[in-house]
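Reviewing the structure listed below.
Only the coordinates and a few stated rules stand behind these numbers; no lab work does. Because the structure is predicted, anything quoted here is derived from the model rather than measured. Here the Cβ is made from the backbone with ideal geometry for all residues, glycine too, and neighbour counts use every protein chain on show.
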């Protein structure tokens, strides 16, 4: 005897609810993973190291003895290093999104990654030489 249509409909609804629970669980895991993102960048000369969280806020800043050599250049050097770290957040979020969501929710994946790309960019900025080079070398040599 064939199953009544209401039985198939009820089972279909149950399957849909389970699928939604699975997606909600993966999205919560994505949120948790993104909140744990930490990105570290170090200036080219090694004088400054900055770690940022997924919001782009610095959570750790370290200076070597080289940083004390030219304190007037420290501000721009710090900002370039901070911006480099921030520019790497998008790649970390993209990897987390692909791992948690995969191809199941392409619009959600695109929306999340695009939001981080819009805020932080996708490529490290090119530092100006005088901001990250404390050497005495001439720009013309």
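Which order do the peptides 7-19, 48-60, 24-36 come out in when sorted by mean C-beta neighbours inside 10 angstrom, highest first?
In decreasing order of mean packing, 7-19, 48-60, 24-36 become 48-60, 24-36, 7-19.
Using 5 Å bins from zero, what percent of all Cα-Cα pairs in the range 34-124 falls into each bin?
It works out to 3, 15, 22, 19, 15, 10, 7, 5, 3, 1, 0, in whole percents.
First measure r as the distance between the Cβ atoms of residue 111 and residue 16, then evaluate 1/(1 + (r/R0)^6) with R0 = 25 Å and state the FRET efficiency to the nearest 0.05.
With R0 = 25 Å, the Cβ-Cβ based efficiency is 0.65.
Once you place label points 7 Å from the Cα toward the Cβ at residue 118 and residue 5, how far apart are they in nm?
4.4
Modelled label-to-label distance, residue 45 and residue 28, 7 Å Cα→beta-carbon offset: nm?
5.0
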